[in-house]
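What follows is calculated from the coordinates using simple rules that are stated; it is not laboratory data. Treat the numbers as computed from the prediction; the structure is a model and nothing was measured. Here the Cβ positions follow ideal geometry from the backbone for every residue, glycine too, while neighbour counts run over all protein chains shown.
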Amino acid sequence: PVDNRRFLEIVAKQADRLAAIIEDLLALSRIEQSEGAGNLPLEAARIADVVAAVVTDCGPRAVDRSIRLVTSCPDELVAEVNAPLLEQALINLADNAIKYSDEGRTTTLAAVAEGADGSGEVVFTVRDEGRGIAPEHLPRLFERFYRVDSARSRALGGTGLGLSIVKHIAQAHGGTVTVESTVGVGTTFTIRLPLARP
């Protein structure tokens with residue numbers, strides 16, 4: 001009975017992992033279709049509400065790991081976005097920042113408008129104080145299934161698709177995502193999206 005239970009727990013864990021991978025692949029496929037067709041539905045959204053939804057989702061995990069989750073976003077900032085997809089991209093980034101930081105550190109999520117109204121951008125940054133990412137990994141970071149630390153990523157429940165999803169969400173909005181990292185200091189992801197419909 002003890003061995004049976006152990007084997008069933010292993011099967012259940014792997015089934016959950018497979019379900020997570022399938023869910024991420026389906027999400028990625030839907031985003032790529034919208035991106036390719038250029039028909040992603042966008043509407044004016046208050047960015048502070050999107051940031052608040054990210055905190056609601058990621059806050060409990062931050063508390064569990066004793067990570068301080070700090071946000072900065074002007075109340076009046078509005079942009080034409082697909083709010084659920086943008087929320088998903090920011091959750092992926094914030095979740096990674098929390099997962100790969102040591103206890104007692106701070107993760108910062110900020111949004112700000114840059115540039116003139118006609119060609120302005122809304123810039124999102126997710127900054128952590130984690131262990132950082134070595135330079136040789138940065139060019140491939142947004143590839144599907146690419147992992148800096150495969151064993152640790154799997155142990156923490158990662159599918160290897162989160163950053164690829166972030167990249168395609170940014171591109172579907174006519175925007176970009178970049179990363180800067182210093183080993184031993186931390187990592188900053190930056191998403192830049194047009195303020196108005198691209």
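Values as computed for the structure displayed
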read-out: Spread of Cα-to-Cα distances over 5 Å intervals beginning at zero, given as percent, for segment 56-114; value: 4, 17, 27, 23, 16, 9, 4, 0
read-out: Cβ-Cβ FRET estimate between R6 and N39, R0 fixed at 45 Å, reported to 0.05; value: 0.40
read-out: Identified option (computed Cα extents along the principal axes in Å; candidates (1) 50, 44, 30; (2) 44, 42, 28; (3) 66, 39, 34); value: (3)
read-out: Contour minus Cα-Cα distance for D64 and R46 (0.36 nm per residue); value: 3.6 nm
read-out: Amide H partners (placed H, <5 Å) of R46, local residues excluded; value: none
read-out: Percent of alpha-carbon pairs separated by more than 24 Å within segment 1-104; value: 46
read-out: Listed residue (A79, A113, V126) projecting farthest to the positive dipole end of segment 49-187, Cβ model; value: V126
read-out: Extended-chain gain in nm, criterion 0.36 nm per residue less alpha-carbon gap, F145 and S119; value: 5.9 nm
read-out: Computed magnitude of the charge dipole of the chain (debye, nearest 20; Cβ of K, R +1, Cβ of D, E -1); value: 740
